[in-house]
Amino acid sequence: MNAPFFKFDMFSVDFSLVVAFIIGIGFGFALERGGFGNARILASQFYFTDMRVLKVMFSAIVTAMLGVFFFVAFGWLDLSLVYYTDTNLIPQIVGGLILGIGFVIGGYCPGTSCVSAATGRIDGVVYLLGVMAGIFVFGEIFPWISDFYYSTNMGRVFLPDYLGLSYGMVVFLVVLMAVGAFAAAEWGEKKMAAKKSGERK
Amino acid sequence: MTSITGIFSKDDAVQEKVYEPKPYSNPYLVGIGLGLVLLAAFVIMGRGLGASGAFSSLVSAGVQKVAPEHAANNPYFSEYLGDGSVNPLKDWLVFEVLGVFVGGLISGLLAHRVKKTVEKGDRISVRNRLIFAFIGGGLMGFGAKLARGCTSGQALTGGALLNLGSWAFMMMVFAGAYAMAYFMRRQWT
């Protein structure tokens, strides 16, 4: 098997758009199943009452990460042909903070707001308008912030290389961390539920 | 008589037939499903998922429509517009996000969860909730551009590919959200 298929010219650019649409359907379907079309479910992550965001995100990351790891190990997938962005550490840290703040204020992230809007949530539609406004503002002031935007460029940084560990070891550590996070999430939810029922009494 | 579903309560007696929304699925199973979709994107396309990028294309195309010269002179928008030989909306992420809308709608319809409503806590008015939704969306759009992607393009995609910047980003998203959660509690709890 030679993957990624697209990089080995197994189909045209036009057909890749069909693939995009189908993959998007799977993505949207999964998000809605998880309850991510609902801002209250998403926000409850940050009040420790329902840790679905963490559970879905980390089990998705672990699943895809393990898949990639084994496909690479079997020689089926050429990881150097799989695109990911360069690391620009400081802009990404600042961007992440702004995004996190926006998440709890707005109740969605861009992907989940699409599902929210598609299932009739007015707040999801308004949120999406906000996203576009934010992108517009970013684009308009880009000439003034471009130095910062391009700062601390480290190129394409693969975590195992950065940490000086083997690929397998980092995969193992991430799995371990995820399992720990799941255990903590289950424990936290029970704790919060007990506290809530205590308040009612 | 009141049942769990409320179908038999007096107030709702007028409604002839009520399809109760089904409960959301097991988060771990959903995560595995989502992970397989992501893996499929890696294997088939050599790239991951995304969301905010599609809206960058949309905004850039909009600016071009209104003020073509301004868009061409702006280094950020012009990157999304390309050399003009291809429509900027004929883009992988744009089609993927169209799929997200459709997939979300299909899942919602199957589970009777499609409903025209505003999601919010009890202690905030609809108007204020919508103002916050707009502000939060604005911050999100801005932050995602700075970070070179949002929860899908960075946290999920880069997370699974062990990209250093994505992991730093992901930790900061949780940090930012938890730091802000206390101040936003009236909206949600």
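Report, in listed order, any pair from A:K55/B:K65; A:K195/B:K145; A:K190/B:K120 with a Cα-Cα distance greater than 32 Å.
A:K55/B:K65; A:K195/B:K145
Residue by residue through region B:128-141, what is 3J(HN,Hα) from phi via Karplus (6.51 cos²θ - 1.76 cosθ + 1.60, θ = phi - 60°)? Round to whole Hz and write x for glycine and proline.
Calculated HN-Hα couplings, in order: 5, 4, 5, 4, 5, 4, 5, 4, x, x, x, 4, 4, x Hz.
How do A:K195, B:K145, A:K55 line up, fewest other C-beta atoms within 10 Å first?
Exposure proxy ranking, most exposed first: A:K195, A:K55, B:K145.
Based on other C-beta atoms within 10 Å, arrange B:K120, B:K115 from fewest to most. Before the final figure, lay out the partial values.
Values: B:K120 22, B:K115 12.
In increasing order of surrounding Cβ atoms, one gets B:K115, B:K120.
List, in order, the whole-Hz ³J(HN,Hα) value for each residue of region A:118-132 obtained from phi through the Karplus relation with A = 6.51, B = -1.76, C = 1.60 and θ = phi - 60°; use x for Gly and Pro.
5, 9, x, 7, 5, 4, x, 5, 4, 4, 4, 4, x, 4, 5
Long-range amide H contacts for B:G121: which residues qualify at under 5 Å (H placed 1.01 Å from N, peptide plane, sequence gap of 5 or more or a different chain)?
B:W188
If I stretch the segment between B:L110 and B:N73 completely, what's the gain in nm (0.36 nm per residue apart, minus their alpha carbon distance), one decimal?
Here the segment from B:L110 to B:N73 would lengthen by 8.7 nm.
With θ set to phi - 60° and the Karplus curve 6.51 cos²θ - 1.76 cosθ + 1.60, what are the ³J(HN,Hα) couplings of region A:135-143 in order, to the nearest whole Hz, using x for Gly and Pro?
5, 4, 4, 4, x, 5, 8, 3, x
Provide, in order from the shortest bin, the percent of all Cα-Cα pairs of region A:1-151 in each 5 Å bin, continuing until the bin that contains the maximum pair distance.
Distribution as computed: 2, 8, 11, 15, 17, 17, 16, 11, 3, 0 percent.
Whole percent per 10 Å bin, from 0 to the bin with the longest distance: what is P(r) over all C-alpha pairs of chain B?
So the P(r) values, bin by bin, are 7, 22, 33, 23, 10, 3, 0.
State the Cα centre-to-centre distance between region A:10-81 and region A:138-190 in whole Å.
Between the Cα centre of region A:10-81 and that of region A:138-190, the gap is 16 Å.
Aspartates and glutamates near B:K90 by alpha-carbon distance under 15 Å, same-chain residues fewer than 8 away left out - which ones?
Those aspartates and glutamates meeting the cut-off are A:D14, B:E79.
For A:K7, list the aspartates and glutamates whose Cα falls under 14 Å from its own Cα; do not include residues on the same chain fewer than 8 positions away.
Straight-distance partners of A:K7: A:D78.
Pick out, in residue order, every one of the chymotrypsin sites (Phe, Trp or Tyr not before Pro) in region A:1-101 that is DSSP loop and has at most 10 other C-beta atoms within 10 Å; say none if there are none.
A:F74
Where Lys and Arg each count +1 and Asp and Glu each count -1, what net charge lies around A:S116 among other residues with Cβ under 10 Å from its Cβ?
-2
Read the figures in this text as sums done on the coordinates, not as results from a lab. Treat the numbers as computed from the prediction; the structure is a model and nothing was measured. Methodologically, a virtual Cβ is constructed for each residue, glycine included, from the backbone with ideal geometry; neighbour enumeration extends over all protein chains shown.
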